[in-house]
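Reading through the C-alpha cells given below for one structure.
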Amino acid sequence: MTLDRRPRLAVWKFASCDGCQLSLLDCEDELLAVADAIEIAHFPEASRRSVEGPYDLSLVEGSITTPRDLERIREIRGISRTLVTIGACATAGGIQALRNYADIKEYMSIVYAHPEYIDVLARATPIADHVPVDFELRGCPVNKQQLLEVVNAFLNGRPPAIPNYSVCLECKRRAAVCVMVAHGTPCLGPVTQAGCGAICPGFTRGCYGCFGPQDTPNTESLAQAWLRAGKSGAEVARVFHTFNCGAEPFASTGKRHDPNHQG
Amino acid sequence: MENRFLITLEGLGALLAELKGMGRTLIGPVVRDGAIVYDEITGLRDLPAGWGDVQEAGRYRLEKRDDGALFAYNSSPMAWKRFLHPPALTLWKARRRDDGFRIESEAQAPPLHAFIGVRACDLRAIAIQDRVLMEDRFRDPHYAARRRDVFILAAQCAQAGNTCFCASMDSGPRATQGFDLALTELLHPEHRFLLEVGSEAGGRLLSRVPHQVAGEADWAAALQATENARAQMGRHVDTRNIKTLLYGNAEHPRWEETAQRCLACANCTMVCPTCFCTAIEDHTDLEGSEARRVRHWDSCFTSQFSHIHGGVVRAGIASRYRQWLTHKLASWQDQFGTLGCVGCGRCISWCPEGIDITEELAVIRAQDQNGAGEDA
C-alpha cells in the first residue's frame, strides 16, 4: 500500500443543526475534486470510515454547550494542524446562544421532565472562546462556494478570499433594489457581513443577518433608523438576536433595545 | 445646419428598433422591484410609461403619473457605470505548465450597447470616468472596449428630484454634449420628442426614421422643460473654494458626528456614478493548476480597502467618510482636474440612514474652522 500524501481533512460537530457540514456534501459538482485533492479522514455525516489523526485541516461546526464539549474541542485542537470553524454556531454560539440571555435552570425545568439528567453549561459559546482558531467562516448556513474557497486556499497555501464588508456591496453588485430605501423594509444588510450573495434582498426581503456583523458594524445607527421608521424596541431586539445573537455588537445592541432587559 | 428635430412616439419606437437592428443591446429604464432601474429592453413597450418617483434622503418611492410620460422619473438607483465598468470581471486566467505557467486573457468582445435615457448628470459622470479610466497614465482596456462603441441616447430632464443638485455642480440639467442623440419629451399638445443631434452616428440613425425639423415653439418648449427642472432642484451646494474648504477642515467635529450615523455599508459608493474603485481577488482550483484573477467593485468605506502592511489605515468610520467626501470634491480636482461629484443625488437617496452630502458640506462651510473656504 502506498502512503497517502494528500492532506487529511476531519469534520467535527458540536451543538448545531448539521446544516454547515451538509454544505460540504452539497458541493456535488466539486465533491469528487475535493476528495481527489484531500483525504476525507473523518466525516461521520458522510462516512463511517474514520482514519485516526492527526489531521491537516479540521472543519468544526457547532458551539460549545456542555462540559464534555470543552474537553473534546481541546482534544481536536491538539490533533489539528489547521482548525477552521464553520457557521454561526461555531463562530458566534448560534441560535442556542439565546439561552445566554435567560436563566438556563429555569427553562430546563420547563422543557425537561428530568432536568437532573441534563449536564450543560450556562452559556453557548463559539469555538474561538476556548481554543485558538485559524479561520472563522461565517454563515447560517455557510455558503458552499465560500467553504470551497477556504478549503482551496488552505490546500494552496494562500489566504482565503472571504470579504468582511457589508452585504450591501454584494446587493448592489447584483443590481438588487435596496429594500430599506425603496420599500421601507427593515434589513440587516448594512451591518451584516457579505458572503451569501445578498440572497434575501435579491428577492425583495430584508437581510436576516445570517453572516454576523461586518467589519465595522454601526448597529446602533441602524437600530435608530428602524425606531424612527416605527419599529418597537422589542422588534429591534428580536432581529439582532437570532443566529448571531452571541456576536458583538449584535449582542449588545439587541440587549439595549430589549424591554425585558431594561431597568 | 438643422440640429433640432421632432419625432412621434411611434418614431421613437422605430428609432429603438433601428438600434436593435444594428445588433445593439438596448439598455434603458424599466420598472423592477419598486424602482426604475437600467436593464435590457426590447423596445418602447418596456419603458416606464406613466411612472415617476419621489425621492428624499434615504427614501425612494415609485409614483404613478396620469400622463403616460416615458422619461418623467429622476435619478435611478443604478448608475450607467455597471455597463462600462462592470461590478465583477475576470481579468485573466493562468495555467500551470511543466516549465512555469501561461497567462490566458479572459477578455471577450464586450456587448455592443445602446444606452437609452442617459441624464445630463450621468453624461458628465461618464466623461469623468473616461478621464479616470482611459485618459490617465494607466488605461483600463476593459472600460475602453466597452466605452468605444456605445451609442448614447440622452434624455433631457423635464423635472428634478428632491435630492437632485446637478445645477450646483454645473453638470445639468440640460445636456449639451457627450451624446449621440438627446431627446426632450414633450407631452402637450401631443406626446412627441424633440431630438438634438450630437454626433454623426446620431444623425445617421435619425435619418432612418420618420422625423421633421423642429419649430421655434418646440425648441422653446424643450428649453422651458429644462428650466422647470432647474427650478425644481431639491438640493444645492455652494462649490466656491470647496477644495480649500475641505482641506482646511480635516479635523472638523462634523466628521465624528456623521460617523455616528454612517453605517459604513458602502451604498453611497456603489450608487455613485463616478466612484471607480475596485479590488482584486485571486482564486485557484483545488489542484492548484489554474488560477483566476477577478476584479470587482470595492469601496473606501470598507476596512480592508485601506489595509496595508501593518494594518488598516482608516480604522474608524469618520476617517472613511472624510476620505470619500474630500476625494469627491477636493483631491479629485488635484488628481483629475474636475470635481468628482455630478449632483445626481443618488448617495443621498440610497443611503439607508439618509446622510445628505449637501447638508454635510453646508454644515462644514457654516462652521468653517480656519476660514479655509473664504475668498482669498
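Please list, ordered by chain and number, the residues whose modelled amide H lies under 5 Å from the amide H of A:Val133; skip anything fewer than 5 residues away on the same chain.
none
Give the average over all directions of the projected area of the C-alpha convex hull of the stretch B:249-352, one decimal, in nm².
8.9 nm²
When the Kirkwood radius is taken over all Cα pairs of the stretch A:121-173, what Stokes-Einstein diffusion coefficient follows at 4 °C and 1.567 mPa s, in µm²/s?
It comes out at roughly 98 µm²/s.
How much length would be gained if the chain were fully extended between A:Arg205 and A:Ala46, taking 0.36 nm per residue of separation minus their Cα-Cα distance, in nm to one decimal?
Between A:Arg205 and A:Ala46, full extension yields an extra 53.9 nm.
GNM on chain A, C-alpha springs below 10 Å: top fluctuator among A:Leu22, A:Leu83, A:Leu188?
Evaluated over chain A, the most mobile residue of the options is A:Leu22.
Most mobile of A:Pro190, A:Pro201, A:Pro115 per a Gaussian network model of chain A (Cα springs, under 10 Å)?
A:Pro115
Taking R0 as 45 Å, what FRET efficiency do you get between A:Cys27 and A:His130 from their Cβ-Cβ distance, rounded to the nearest 0.05?
0.95
May I ask you to evaluate 6.51 cos²θ - 1.76 cosθ + 1.60, the Karplus curve with θ = phi - 60°, for each residue of the stretch B:222-238 and list the ³J(HN,Hα) values in order in whole Hz, giving x for glycine and proline?
Working through the residues one at a time gives 5, 5, 5, 4, 5, 5, 4, 4, 4, 5, 8, 3, x, 10, 8, 10, 8 Hz.
Let me make sure I get this right: for chain B, a, b and c are the square roots of the gyration tensor eigenvalues over alpha carbons, sorted descending. Under 1.5 in a/c it's rounded, otherwise prolate if a/b > b/c, else oblate. Which is it?
oblate
Please sort by residue number the chymotrypsin sites (Phe, Trp or Tyr not before Pro) in the stretch A:41-115 whose DSSP state is loop and whose Cβ has at most 15 other Cβ atoms within 10 Å.
Here the chymotrypsin sites (Phe, Trp or Tyr not before Pro) that fit, given the DSSP loop and packing criteria, are A:Tyr112.
When the accessible area of each residue in the stretch B:281-316 is compared between its chain alone and the complete protein assembly (1.4 Å probe; ligands, DNA and RNA ignored), which residues differ by at least 20 Å², being lower in the assembly?
So the qualifying set is B:Glu281, B:Asp282, B:His283, B:Thr284, B:Leu286, B:Glu287, B:His296, B:Trp297, B:Thr302, B:Ser303, B:Gln304.
What aspartates and glutamates could a cross-link reach from B:Lys243, if we take a straight Cα to Cα line under 17 Å and drop same-chain neighbours fewer than 8 places away?
B:Asp170, B:Glu251, B:Asp334, B:Glu359, B:Glu360, B:Asp368, B:Glu374, B:Asp375
For the stretch A:8-155, with all protein chains present and a 1.4 Å probe, just round the carbon and sulfur fraction of the accessible area to a whole percent.
53 percent
Computing the accessible area with a 1.4 Å probe over protein heavy atoms, can you report the carbon and sulfur percentage for the stretch A:167-261?
The C+S portion of the solvent-accessible surface of the stretch A:167-261 is 55 percent.
Report, by chain and number, residues whose modeled amide H sits under 5 Å from the one on B:Ala155, excluding near sequence neighbours (fewer than 5 apart, same chain).
B:Gly117, B:Val118, B:Arg119, B:Leu183
Tell me the carbon and sulfur percent of the accessible area for chain B, rounded to whole percent, probe radius 1.4 Å.
In chain B, the share of accessible area belonging to carbon and sulfur is 49 percent.
With a cap of 11 neighbouring Cβ atoms within 10 Å, and only residues DSSP puts in a loop, list the chymotrypsin sites (Phe, Trp or Tyr not before Pro) found in the stretch B:103-199.
Those satisfying the criteria are B:Phe138.
Relative to the isolated chain, which residues of the stretch B:244-271 have their accessible area cut by 30 Å² or more in the presence of all protein chains (1.4 Å probe, heavy atoms, no ligands or nucleic acids)?
Residues losing area: B:Leu263, B:Cys265, B:Asn267, B:Met270.
With a 1.4 Å probe on protein heavy atoms only, tell me which residues of the stretch B:340-359 lose at least 40 Å² of accessible surface in the complex relative to the chain by itself.
Residues losing area: B:Trp350, B:Pro352, B:Glu353.
Taking only the alpha-carbon atoms of the stretch A:8-155, what semi-axes of the equivalent ellipsoid follow from 5 times the gyration tensor eigenvalues under a square root, in whole Å, largest first?
29, 15, 14
At 222 nm, what helix-only mean residue ellipticity would the protein assembly as shown give, in deg cm²/dmol to the nearest 500, using -39500 (n - 2.57) for each DSSP H run of four or more?
Value at 222 nm, helices only: -9000 deg cm²/dmol.
Starting from the Cα gyration tensor of the stretch B:1-99, multiply each eigenvalue by 5, take the square root, and state the resulting semi-axes largest first in whole Å.
Computed over the stretch B:1-99, the values are 34, 23, 12 Å.
For a quick check: with amide H placed at 1.01 Å from N, whose amide H comes under 5 Å from B:Leu26's, ignoring anything fewer than 5 positions away on the same chain?
Sorted by chain and number, the residues that satisfy this are B:Ile41, B:Ala114.
State, in square angstrom and to the nearest 100, the accessible area buried between chains B and A, both chains counted, probe radius 1.4 Å.
The contact between A and B buries close to 3100 Å².
With each label point set 7 Å from Cα along the Cα-Cβ vector, what nm distance links B:Trp219 and A:Arg5?
About 8.1 nm, to one decimal.
Over all distinct Cα pairs, what is the inverse of the mean 1/r for the protein assembly as shown, reported as the Kirkwood hydrodynamic radius in Å?
27.3 Å
Quick one: plug the Kirkwood hydrodynamic radius of the stretch A:167-261 (C-alpha pairs) into Stokes-Einstein at 10 °C, 1.306 mPa s, and report D in µm²/s.
122 µm²/s
Can you tell me the accessible area per residue over the stretch A:84-233, all protein chains present, probe 1.4 angstrom, in square angstrom?
That works out to 40 Å² for each residue.
Which value results when the Cα radius of gyration for chain A is divided by 2.2 N^0.38 Å?
So chain A has a normalised radius of gyration of 1.08.
List the equivalent ellipsoid semi-axes of the stretch B:75-166 in whole Å, largest first, each obtained as the square root of 5λ for an eigenvalue λ of the Cα gyration tensor.
They are 35, 13, 12 Å, listed largest first.
Per residue, how many Å² of accessible area does chain B show with a 1.4 Å probe?
Heavy-atom SASA per residue in chain B reads 43 Å².
Which loop-located trypsin sites (Lys or Arg not before Pro) does the stretch A:96-177 contain, where loop means any DSSP state but H, G, I, E or B and the Cβ has at most 14 other Cβ atoms within 10 Å?
Answer by residue number: A:Arg174.
Could you state, as a whole-number percent, how many of the C-alpha pairs of the stretch B:166-253 are farther apart than 23 Å?
In whole percent, the share of Cα-Cα pairs in the stretch B:166-253 beyond 23 Å is 44.
The values are calculated or read from the model by the stated rules, or taken from the named source; none is laboratory data. Computed from a predicted model, the values in this text were never measured in an experiment. Heads up, the Cβs are rebuilt from the backbone with ideal geometry, glycines too, and the neighbour counts pull from every protein chain shown. The protein model used for the area step is the full one, side chains on, heavy atoms only, and it has no ligands, DNA or RNA in it. Shrake-Rupley method; radii C 1.70, N 1.55, O 1.52, S 1.80 Å.
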